[in-house]
Amino acid sequence: MQIFSKKNISNYSKTLLSILVIIVIWSGIGYFKIVNALFIPKIDDTFISAKHLLYDKTTYISLGFTVYRAIAGLLIAIAFGVPAGLIFGRINWIYKYFELPIEFFRAIPSSALFPLFILFFGIGNASKIGVVFYACSLIMLVNSYYGALPNQEKLDRINMLRSFGASNLQIFTFAICRDALPGISAGIRVCLSLSFVLVVVTEMFLSANEGIGKMIYDYYLQYRIPEMYATIIILGITGFVTNRIYILLEKKFLPWSKNV
Amino acid sequence: MSLISINNVSKIFDTPTGKIKVLENVCLEIKNKEIIGIRGENGIGKTTLFNIIAGIENSTSGIVKIGNDDKKIKIGVIFQNYNSTLLPWLNVEKNIQIPLTIKGVNKNKKNKKTNEILELLKFDNIPLKNFPNQLSGGQKQKVAIARALINNPDILILDEPFSNLDYKTSLELQDVLLNIHEQRDIAMLLVSHEIDHILYLSDVVYVLKGKPATFSISFKIDIARPRSRQIVFSDTFIELRKKILKFEYADFQ
């Protein structure tokens, strides 16, 4: 893949243009005082604040806590949701026993359970990780379940392996798990964004001592609006980069997934 | 020597609308080096019988004997849906090696066997590092053939191997199969509804007929080997073709 191919240069210029448009509009709002600076600060004030934040190690510590909580919750959700979903997908009668509770818990927004998580896990990391785990594990479970459900193509692959004498374990690892990977990967992408959203919200409202959500909320309470905007931008860039890294990994390790 | 023998095999499917008997008292014997063709209209139960022989499905009653007491035989299987039986996450080379991977054969031996089989089949134009979605239909079927043969099977069983291919590719692959048969003395069971293909390749043709289906008749194809494409214009070929079609069309008159 060429980084500077004609197509890529065209895509980069479109991205740059859209960023430029946002900067121009934002600068115009500040220069002409269209909106009160309390709501939308001047772009130069925001960039100065961002520069200060980037030189401040507290920002990185907070970001580290946020990323740690999001990724830890997601990994535990994957470790629980994927095997459970694969088993449910292959052994449907087991799923029938759990279908009702799964659907019931899926209907409860994770935000509604914030108090419950504080009650059980306190105000430390565990409650925030717990919220992420709760929301993401159900998504991972359902995505893995649908990924493992048999269809004609998957049955053809299983039959092929069986005809060559593959054991049930080999069929599970060679075909069933691999066939479910595109669904699992799509689930991870959704959960990656969701985990950041949930961690930031829990850091704002679940009495966190550190984290990007806590920083944003503190700046808001102190009316330090440029700093608040700068922190939001840093958070946005972090989420964007994480998502891009995941897409690159997906392209590298699952290049075939679009053809399944 | 008998490689596969089937005695009084019946198959009943449980469906939401009740039990459906698809096969009844099917008997068949496949001997060493023999090519058996099975014909029958769509939905008659050819693939069910194929699946029973391939070990994918169990018969409801009857005896299916693979090999004999002295020797366990190896079966190479080529499926009708060659497209979906190639694993999309493995490249061509690894797809061909699947039977060896299942047996736990080491990498060097696998590569050696892959080269051997590709040389035998003259499939040197197959891009080994490509993924299945990058291949044409004919190339995919060639990969499926190479995969079925890599384990040196005693018998190759094929379910409608030409049905999804264009005419020219299907002729090319029929000649590939004849070459394999001549070079390796391998037996074959060919399930197909295409009469010319089945006559060109087989020693005996069985016709699956009725509801539930059974073999009521078989046709011996007395055409000498090695065979060339010219035999399709021979009187014997045309006469056999007529006989089989007459038998099959008898119900429609």
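The values are calculated or read from the model by the stated rules, or taken from the named source; none is laboratory data. Values in this document were obtained by computation on a predicted structure and should not be read as measured data. Cβ: placed from backbone, ideal geometry, glycine included. Neighbour counts: every protein chain shown. Just the protein is used for accessible areas: all its heavy atoms, side chains included, with ligands, DNA and RNA removed. Shrake-Rupley method; radii C 1.70, N 1.55, O 1.52, S 1.80 Å.
Once C-alpha pairs closer than 8 Å and six or more residues apart are averaged by separation and normalised to the residue number of the stretch B:17-149, the relative contact order reads 26 percent. Here B:S10 and B:E116 are evaluated by their C-beta separation; at R0 = 56 Å the FRET efficiency comes out at 0.85.
Amide hydrogen proximity for B:I38: with H placed 1.01 Å from N in the peptide plane, the residues at 5 or more positions away or on another chain lying under 5 Å are B:L190, B:V191, B:S192, B:Y206. For A:W93 and B:D251, FRET efficiency with R0 = 51 Å and r from the beta-carbon atoms, rounded to 0.05? That gives a FRET efficiency of 0.75. Between B:C27 and A:Y220, the modelled label-to-label distance comes to 8.4 nm, taking each label 7 Å out from Cα in the direction of the beta carbon. With helices as the sole contributors, chain A gives -26500 deg cm²/dmol at 222 nm; each DSSP H run of n ≥ 4 counts as -39500 (n - 2.57), and the sum is divided by every residue. Each residue of the stretch B:139-145 was assigned a 3J(HN,Hα) from its phi angle through the Karplus curve 6.51 cos²θ - 1.76 cosθ + 1.60 (θ = phi - 60°); the sequence is 5, 4, 5, 5, 4, 5, 5 Hz, with glycine and proline shown as x. With R₀ set to 60 Å, the beta-carbon distance separating B:K71 from A:K252 gives a calculated FRET efficiency near 0.80. According to the Kirkwood relation over distinct C-alpha pairs, the hydrodynamic radius of the stretch A:96-197 is 15.7 Å. Note on surface exposure: B:L189, A:L63 rank A:L63, B:L189 by accessible area, highest first, 1.4 Å probe.
Amide H to amide H distances under 5 Å link B:A213 with B:L23, B:E24, where only residues 5 or more positions off or on other chains count and H is placed in the peptide plane. Extension gain, A:A112-A:Y12: 0.36 nm per intervening residue step, less the Cα-Cα distance, totals 31.9 nm.
Put simply, the amide H of B:K31, placed in the peptide plane, has neighbours under 5 Å in B:L3, leaving out anything fewer than 5 places away on its chain.
For the stretch A:39-257, the relative contact order comes to 31 percent (Cα pairs under 8 Å, sequence separation of at least 6).
Across chain B, the mean sequence separation of Cα contacts (distance under 8 Å, 6 or more residues apart), normalised by length, yields a relative contact order of 27 percent. Mean per-residue shielding of peptide B:86-98 is 4, counting Cβ atoms of other chains within 10 Å of each Cβ. The B and A chains share an interface that buries close to 1800 Å² of accessible area, total over both sides, probe 1.4 Å. Electrostatic tally near B:R241: other residues with Cβ closer than 12 Å to its Cβ, Lys and Arg +1, Asp and Glu -1, net -1.
Packing here is the average count of other Cβ atoms within 10 Å per residue, and on that basis the peptides B:40-51, B:100-111, highest first, run B:40-51, B:100-111. Shape of chain A from the C-alpha gyration tensor: oblate (a/c of 1.5 or more and a/b not above b/c, with a ≥ b ≥ c the square roots of its eigenvalues). Rolling a 1.4 Å probe over the protein heavy atoms leaves B:S84 with an accessible area of roughly 10 Å². Given a 1.4 angstrom probe, I'd like the percentage of the accessible area of chain A that is carbon and sulfur, rounded to a whole number. Here it works out to 70 percent.
Taking all protein chains together, A:H52, B:H197 sort by accessible area into A:H52, B:H197, largest first [probe 1.4 Å]. Between A:L198, A:L149, A:L16, the GNM of chain A built on Cα springs shorter than 10 angstrom shows A:L16 fluctuating the most. With viscosity 0.692 mPa s and temperature 37 °C, the Kirkwood radius over alpha carbon pairs of the stretch B:43-99 converts through Stokes-Einstein to a diffusion coefficient of 238 µm²/s.
Take A:25-38, B:64-77, B:133-146 and order them by the average number of nearby Cβ atoms within 10 Å per residue, most first; the result is B:133-146, B:64-77, A:25-38.
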